[in-house]
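The values are calculated or read from the model by the stated rules, or taken from the named source; none is laboratory data. Source: prediction; values computed, not measured. Cβ placement follows ideal geometry from the backbone for every residue including glycine, while neighbour counts extend to all protein chains displayed. Heads up: the accessible areas ignore ligands, DNA and RNA and are worked out on the full protein's heavy atoms, side chains in. Shrake-Rupley method; radii C 1.70, N 1.55, O 1.52, S 1.80 Å.
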Amino acid sequence: MYGDDIASVLISEDEIAAKVSELADLVAKRYPADAPEGDLLLVGVLKGAIFFMTDLAKKLTIPTQMEFMAVSSYGSSTSSSGVVRIMKDLDKDIAGRNVLIVEDIIDSGLTLSWLLRNLSSRNPASLEVVTLLRKPDALRTQVDVLHVGFDIPNEFVVGYGLDYAERYRDMPYIGTLHPKVYGGEA
Ligand code: XMP
Ligand code: MG
């Protein structure tokens, strides 16, 4: 579909599906189906987490509700600065709710630690994180992540929601980009 833009398949569609099921089992075990706090509230971070969020919700055996947030981090297109701006806030109050942040990828961890501080100030009953991908740099930051799908090498990846300049999100697998796409070598 994208010709030879994709250098390699890092995680196949089948591997993603198996991991999402595994994560759904772990998450479902953690929250009672009839919690007094109400249904588990999945907070998806737009746009990268959309595929993961919907696939996870379909596999979860407990009732969930979904909210979305869009944040933008000041910095270059491929690295974040930790200064975050809310582009789209939650529609609902999360006070007293069990909240699970659903992330596509944690790189430096700066975006997520900002998000955790921001959402915890709204007094949820609980606040946890599940991320599909994590890069090595994330291990240097103090972010408590409930569950991680895959630890991946420090390479820029696309597909399954992840983009480069808004392209490649629609790929059903996760791959690495050929350097020519960045305007590098041919
Ligand atoms: P930090 O560094 O704050 O950044 O953890 C997390 C955000 O950076 C983006 N990001 C990527 N997006 N492929 C992408 O498509 C990547 O390899 C990648 N690494 C970081 C992403 O928006 C994530 O939420
Ligand atoms: Mg993102």
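Which residues does the label zone of Asp170 cover in the stretch 1-32, counting backbone N under 11 Å from a point 7 Å along Cα→Cβ?
Counting only backbone N, you get 1-2.
For an R0 of 30 angstrom, estimate the FRET efficiency from the Cβ-Cβ distance between Glu37 and Thr141 and round to the nearest 0.05.
E(calc), rounded to 0.05, equals 0.60.
Specify the residue with the greatest mean-square fluctuation among Lys92, Lys58, Lys29, computed from a Gaussian network of the chain linking alpha-carbon atoms under 10 Å apart.
Lys92
List the residues, sorted by chain then number, that are 5 or more residues from Phe150 or on another chain and whose placed amide H is less than 5 Å from its amide H.
Correct list: Leu133, Arg134.
Measure off, as a whole percent, the carbon and sulfur share of the 1.4 Å-probe accessible area of the chain, all protein chains present.
Result for the chain: 50 percent of the exposed heavy-atom area is carbon or sulfur.
Defining a contact as two alpha carbons under 8 Å apart and six or more residues distant in sequence, what relative contact order in percent does the chain show?
24 percent
Determine the gain in length on full extension of the stretch Ser126-Val83; use 0.36 nm per residue of separation and subtract their C-alpha separation, reporting nm with one decimal.
So the chain would gain 13.0 nm between Ser126 and Val83.
Once the piece of chain linking Met1 and Tyr182 is laid out straight, how much longer is it, given 0.36 nm per residue of separation minus the C-alpha distance between them?
63.3 nm is the gain from fully extending Met1 to Tyr182.
Mind giving me the nanometre distance, one decimal, between the label points for Asn154 and Val9, set 7 Å out from Cα along Cα→Cβ?
Here the answer is 2.8 nm between the modelled labels.
Could you report the stretch 1-124's accessible area per residue, 1.4 Å probe, as an integer in Å²?
50 Å²
I want to verify a result. In a Gaussian network model of the chain, Cα cutoff 10 Å, which of these has the top mean-square fluctuation: Ala17, Ala70, Ala35?
Of Ala17, Ala70, Ala35, the Gaussian network model singles out Ala35 as fluctuating most.
What 222 nm value per residue comes from the helices of the chain, counting each DSSP H run with n ≥ 4 as -39,500 (n - 2.57) and dividing by all residues, nearest 500 deg cm²/dmol?
-6500 deg cm²/dmol
What does the convex hull of the Cα atoms come to per residue for the chain, in Å³?
In the chain, the Cα hull volume divided by residue count equals 111 Å³.
Nearest 20 debye, what's the magnitude of the dipole of the chain about its Cα centre given +1 on Lys and Arg Cβ and -1 on Asp and Glu Cβ?
Charge dipole, the chain, about its Cα centre: 460 debye, nearest 20.
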